[in-house]
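Presented below is the structure to which this report refers.
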Amino acid sequence: MAATRWWLRPRRLASRALLALGAALAAGGSIGVIAQFSLLEGVPAVWLALGGVALFVAAVELAALAIGGERDRRLERVLERDAELAQLSWRLDFALGVSKVGVWDVNLETDEMIWDERTRALFGAPNRNGFFNESDWIGAVHPEDRERAIEAARVAVDADGRFVQDYRVLLPDGTVRHLRDTAAVYLGEGGTRRLVGLVWDVTGDVERQAELELRRAEAEAAAVAKSRFLAMMSHEIRTPMTGVIGMLELMLTDPLSEAQRQRATVAHSSAHGLLRILNDILESSKLEAGRVERLDAPVDPRELLAEVTALMAAGAERKGLALSTDVAERVPATILTDAMRLRQILVNLLSNAAKFTEAGEVRVSMDYDAGARELAVEVADTGVGLGTADPGRLFEEFYQADSGAGARRGGTGLGLAITRQLVGLLGGRVSARSSAGGGAVFAFTIAAPAADAPFQPGAPARASSATPPQLRVLVAEDNATNQIVLRSYLARKGHAVTLVEDGVAAVRAAEAGGFDVVLMDVEMPRMDGARATRLIRELSGPAGSVPIVALTASALPGDRERYLAAGMTDFVPKPIDFALLDEALGRAASARADLLPDLGPAARAAAT
């Protein structure tokens, strides 16, 4: 039997037990001993031996006493819960008051609306008491937000039961505040449908958000203005640079005395130096604005490194430097990365190493971490080293070492900053350190998973230098100097050249037919190159399908895609690189040859 001694703890229970025993004695019994405490069918009982007879009266009395004790305990628990609820209610009311959140309640059957004091203050009626109604709420909502708020409330009441809205209120003094209102439908006493909600002032949040939007818009406008300014300056500088570099390249093909050739060579080198500075500024601007995207494709890292070292070999040879490479066997045959950006990183680091090395060698080492799926490259030189330069600052924009030979080599201070940004674009890191044997080591890693697809070699950076066949070339160019450069070079290559000065004349000339390719400047008076190209593409027959090569000094992101979308078939940037121009002319000749067999005899005769 389960022990029930705890029933004797309450003082009231003990006194009632004594009364029960007294009643037993008055009946003529004698007290024996208390045999035990037990539960009789779930009822607490005390069995007494009274004259040898077990009396049950005590058990009945104790059962009544137990029920009274349970009632007391239940009452005590109710009182404790009431105290907890009162404390919770106080805390909730305190929190609502501190946060200035109002509570409102509307009877959907009678339209009686209750606003607490905070709600009344938010809607501009702090001193009004009693019931409110829907018209009071509608009248406070700003006229421009009223219809939207009413419709949201109607949907909440008739459909989903939820109301969440931000709207403005127009206070009696003309002040406009922004409120956030949220509510839900519930069934009250007697099944009455009610809408109960919370409302608070979010004017500060709205104003801060508006300020942020304004600052963001200003920053974006400044970035666009900067980009357009740089593009305009690029165009204005590149256009005359085409004349400078083009004339110097033509001059270097003429018979010159040794002194004349030396002067022309120095001028040509200086012009390309100015062009590199311009390119660095534009590239840094695009990277800073986040307008450079990576285009991953399968790449052969060995072939790419061979292309870069071949490109740099002539410059290293002129300085008497050895240029060597070391590629670990574990480097995959094909990796997935942006080949153009990786090539640019290697060129930047090799150029930097060669610039600061007067004697010795520049060595490129390539390794691979299969676990991290990273390509690791080191470019080591035997040059002047880092000196007093802070390795951590070498990759900052415009930072240059301020002592020794390093400070005398000039430059924009953007090359390594661009390298850091490009390495970051490819998911890697770059660092610099002094070499133990003298010189410096620049190391970088990039994310480069091994590619499953085999590498498909594309057109190399410098395709075959074979001269394209003699072509009939229409040149649309408004700059007189560039006209001279293009006419001179094309004529020297044996091409027949027709010059026009704007897009209108280009369309008229193309319509007359007889051209194998059109070299189309983009920025021209009366009609630009893109518009002229669209009109040429509307022409019938071979005239409408003639290859059109864009010649442009523009540097805005997306320009190349825009020109190709207009119907141009190729793209050569200014200042014009004659090797690139020859490649474009070769592709145009191939495209024209592929097209002619599909034409009828009369059309083929007209085209040829």
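Run the simple label-point estimate for D158 and R276 please: 7 Å along Cα→C-beta, distance reported in nm.
Each label point is offset 7 Å from its Cα along the Cβ direction, giving 7.4 nm.
Label-point separation (nm) for R433 and E189, each offset 7 Å from Cα along Cα-to-Cβ?
Once both label points are built, they end up 8.1 nm from each other.
For the range 208-235 and the range 255-273, what is the separation of their C-alpha centers, rounded to whole Å?
After rounding, the separation between the Cα centres reads 42 Å.
Find the eigenvalues of the gyration tensor of the Cα atoms of the range 195-340, then list the square roots of 5 times those eigenvalues as equivalent ellipsoid semi-axes, largest first, in whole angstrom.
Numbers: eigenvalues 491, 162, 24 Å².
The three semi-axes for the range 195-340 are 50, 28, 11 Å.
Compute the orientation-averaged projected area for the range 187-235 from the convex hull of its Cα atoms and round it to one decimal in nm².
Working: hull surface 22.7 nm².
With the hull built on Cα positions only, its mean projection is 5.7 nm².
Given the convex hull of the Cα atoms of the range 522-573, what is a quarter of its surface area in nm²?
Numbers: hull surface 13.8 nm².
Hull-based average projected area comes out at 3.5 nm².
Per q in 0.16, 0.22, 0.29 1/Å, what log10 I(q)/I(0) does a Debye calculation on the alpha-carbon atoms of the range 152-199 return?
At q = 0.16, 0.22, 0.29 Å⁻¹ the computed log10 ratios are -0.53, -0.78, -1.01.
At most 16 other Cβ atoms within 10 Å and a DSSP loop assignment: could you name the trypsin sites (Lys or Arg not before Pro) in the range 293-356 that fit? Before the final figure, lay out the partial values.
Details: sites: R294, R302, R318, K319, R330, R341, R343, K355; in loops: R294, K319, R330.
When the trypsin sites (Lys or Arg not before Pro) of the range 293-356 are filtered for loop state and at most 16 Cβ neighbours within 10 Å, R294, K319, R330 remain.
What pairs from K493/K574; K226/K574; K319/K493 go past 30 Å between their alpha carbons? Intermediate values should be presented prior to the final figure.
Values: K493/K574 19 Å; K226/K574 21 Å; K319/K493 33 Å.
Beyond 30 Å between Cα atoms: K319/K493.
Taking every pair of distinct Cα atoms and averaging 1/r, then inverting, what Kirkwood hydrodynamic radius in Å comes out for the range 269-382?
For the range 269-382, the Kirkwood estimate is 15.5 Å.
Label A310 and I114 with points 7 Å out from Cα along Cα→Cβ: what is the distance between them in nm?
Label at A310, label at I114, 8.7 nm between them.
All of the numbers you see were taken from the coordinates with simple rules; none came from a lab. Here the structure is a predicted model, which is why all the values come from computation and not from measurement. We place every Cβ from the backbone using ideal geometry, glycine too, and count neighbours over all the protein chains shown.
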